[in-house]
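Comments concern the structure below.
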Amino acid sequence: MTEAERRRLFNELYAEYDRRIFAYCLYVIGDRDKANDVFQEVFIKVYKSLHTIREEGKSSNWLFRIARNECLNALKATQRNDKRNTSYDESDTSYIPALDGTGYNDEITHLHWGLQQLSNEQREALVLAEFEGYSLKEIAEVTGASLSNVKVRIFRAKQKLYNLLQPILNDYE
Amino acid sequence: MNERIEELIIAYLHRGSTPEQERELFEACKTNAATANMLRQHLIMSLKLRQLRNETEVPLDVQNALLRRINETVIEAAPARVPSAIPARRGFGWAHLFGASLATAAAAVLVLFLVLPGTPSPPGPQTAGVTVRDTVLLTRTDTLVQVKSTRIPVYIVRNEKPAAPAPAGTAPDAADAPGVAERDTQAPVVPHVDPSDLASLQPPALAEARLSEQPSFLEQYNAMLISVEKVRLTSSDRVRF
């Protein structure tokens, strides 16, 4: 693969997936600064290993696998897992971030916060399903989990998120 | 809520259900309010999360940083694709002679001895009493395999046709002498001295001895083996050291 071909293919992939990969990194890691770094690492790695793309039409899975590995490495490094496994009393709304208003930005902030309360596996499955529109089978391929496991993760993630945000959701509905 | 309903809801919302499963879910929602409420909750969360997705933009500074790093990666990778890097130029050493081709090594040895300051000139033919015009040349058939010692200067001397005897008391200009035009190198030109003059300056016994010692080039060749392992010469060449 020549340098020109490599650059052209990279530009195509970046134009199509930059926002999606960034969203994945941001919501899986949950830290914007770290997500910025990981996002760059993902595309550096993509650039260096473009010659390993074998099948047409599978580039998104290939890309998300790279992103997933980078995110997992970042998560391991920061040992965030322990914090997220903390159990919350869902009837207690005092833990929800206090905000000045109930506008659109507040809703976004609450959703960000709610996602960070999920386990890594739940959040990853939810991001792939809702942000990327991946089918359950595709999520199973990317994450390496079984199909039934993916279903359970998504169901429980959404249920937990709904229960966490229910006290404030009516304001936005 | 049984696991079957959970699976039906997730499959329905994420493109994993068959028409039969969809019918089964809708029937369950009609008959069970809790199932309908569960489906509603999941739909709300899906809509909210997709709204969050649209809020995600790659910051401009991150894009610029990535572009800069990609360019750096390209620059770093470029030298690695060159088959072999040109080694840095080093000073001359004897090791160069051993690693060079034979002809190059032979030429290097000869040229080096000629240009080294303070190196004594090869003994002129006049000392041997031979009326030849010797010019240090490297002939085409010379083969220098290996230099064993560099302490003894080695010269390969082409034996050219004898110059016409110069008038007594005069030494012809070297540049005018026949055969000199064939010189390949700027070797020091030895002034021509008539052997008879030379002989007259030396004790007769010594001169005679020198003449008798005038070896064939094979003998010189053998003597030269002290410093050179193998040299091939033409019949017109001689070796001095």
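Bear in mind that the values in this text are calculations on the coordinates, not laboratory data. On a predicted model such as this, the values are computed, not experimentally measured, just so you know. Glycine gets a Cβ as well: all are built from the backbone with ideal geometry, and neighbour counts include every protein chain shown.
Taking 7 Å steps out from each Cα toward its Cβ at A:Ile53 and B:Glu24 produces label points 3.9 nm apart. Using the Cβ-Cβ distance between A:Arg8 and A:Asp37 with R0 = 30 Å, the FRET efficiency computed as 1/(1 + (r/R0)^6) comes to roughly 0.70.
Of the residues A:Asn61, A:Ile29, A:Tyr17, the one whose Cα sits farthest toward the positive end of the charge dipole of segment A:1-84, with +1 on the Cβ of Lys and Arg and -1 on the Cβ of Asp and Glu, is A:Ile29.
What does the extension gain come out to for B:Leu43 and B:Asn71, with contour length at 0.36 nm per residue minus their alpha carbon separation?
Details: separation 28, 0.36 × 28 = 10.08 nm, distance 4.39 nm.
Roughly 5.7 nm would be gained on extension.
With a Förster radius of 22 Å applied to the beta-carbon distance between A:Arg65 and A:Arg19, the computed FRET efficiency rounds to 0.75. Take each residue of peptide A:133-141, count the partner chain Cβ atoms within 10 Å of its Cβ, and average: the result is 3. The listed peptides B:38-51, A:32-45, A:115-128, ordered by packing as a protection proxy, come out as A:115-128, A:32-45, B:38-51 (highest mean of other Cβ atoms within 10 Å first). Peptide B:52-64 is shielded by partner chain Cβ atoms: per residue, an average of 6 of them sit within 10 Å of its Cβ. Between A:Ser146 and B:Val111, the modelled labels are 7.9 nm apart [label points 7 Å from Cα along Cα→Cβ]. Per-residue 3J(HN,Hα) values for segment B:45-52, derived from phi via the Karplus relation 6.51 cos²θ - 1.76 cosθ + 1.60 with θ = phi - 60°, read 5, 5, 5, 5, 5, 5, 5, 5 Hz in sequence order (x marks Gly and Pro). Counting, for every residue in A:107-114, the Cβ atoms of other protein chains within 10 Å of its Cβ and taking the mean gives 3.
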